[in-house]
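The next block holds one structure in the form of structure tokens; read it before the comments.
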Amino acid sequence: MKPRALLLCILMILAMAIITAYYYPQLPEIMPTHWNYAGQVDGYGGRWQLWLVGPGCMSFFLLLAIALPWLSPKQFEVQNSGATYSYLMVIPVALMAAIELFMLGSALGVRLDVAQVIPVLVFVVLILMGNPMGKVRRNFFIGIRTPWTLASERVWHATHRLAGKLMVGSGALGLLAVWLGAPHWLLLAIMMAWGPVAAGYSLVLYKRLPQ
């Protein structure tokens, strides 16, 4: 990872550890930990889980980001994507911080519309990840890893250019749908529809390659 991305992740982990430690004594022993698609609480757990969801998972993603370059086989190195790799690996760390803040606020009695907050978070992540997707180089760990993209660099690049546009478009459309009060099934469809389209596109491109 680039030094700035590494430092940013470390600072986020430290910040969430401090926030968790500060509010921990005020939290109930048992707190909401899971919500269904309608925004209703359907799971409870101990307050200690905040340490797992926040600093724990954030640290895991950071360690994973550091380890992937070493794990990557030759000619498929994730670090070939340069700054894009660092950018994409910062996102899950920030996402877990946002999820912990959401859980923390809910446990402290802050009124949050779960049915809107979670979809908004997902759509924002789609936009953030989709924007640089066309710059991702062929690898085994991040991106649209179908048999056809991995078999052809040309298919990989074309598929990721399309996937980036689809992800950003889905994110923007999803945010509009949330604002308009769209039903949950439609929001879920917007979140997921881009994936099969990108995968199918990679197959079509591969079959059109000169034999």
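A few notes on this one:
- Translational diffusion of the stretch 65-211, µm² s⁻¹ [Kirkwood Rh, Cα pairs; Stokes-Einstein; 10 °C; 1.306 mPa s]: 95
- Relative to the longest principal axis of the Cα atoms of the chain, helix 83-107 runs at roughly 20 degrees.
- The angle separating the long axis of helix 3-23 from the principal Cα axis of greatest extent in the chain is about 20 degrees.
- Paired Rg and Dmax values of the stretch 1-137, which use every Cα atom, in angstrom: 16.7, 51
- Comparing A198, W35, L128 along the charge dipole axis of the chain, the residue lying farthest to the positive side is A198, per the Cβ-charge model.
- Förster-model FRET efficiency, 30 Å R0, L101 and W185, C-beta, rounded to 0.05: 0.65
- The slack in the chain from R145 to M192, taken as 0.36 nm per residue of separation less the alpha-carbon distance, amounts to 15.3 nm.
- Amide H contacts of T33 (H built 1.01 Å from N, in plane; Pro and chain starts excluded): G43, Y44, G45 sit under 5 Å, all sequence-distant by 5 or more or on other chains.
- For the residues F61, F141, F123, a GNM of the chain with alpha-carbon springs under 10 Å puts the largest fluctuation on F141.
- Derived scalar couplings ³J(HN,Hα) [the stretch 115-121; Karplus, 6.51 cos²θ - 1.76 cosθ + 1.60; whole Hz; x for Gly, Pro]: 4, 9, 4, 5, x, 4, 4
- Dipole size of the chain about its Cα centre, with +1 on Lys/Arg Cβ and -1 on Asp/Glu Cβ: approximately 960 debye, rounded to the nearest 20.
Only the coordinates and a few stated rules stand behind these numbers; no lab work does. Source: prediction; values computed, not measured. Don't worry about glycine lacking a Cβ; one is built from the backbone with ideal geometry, like all the others, and counts go over all protein chains shown.
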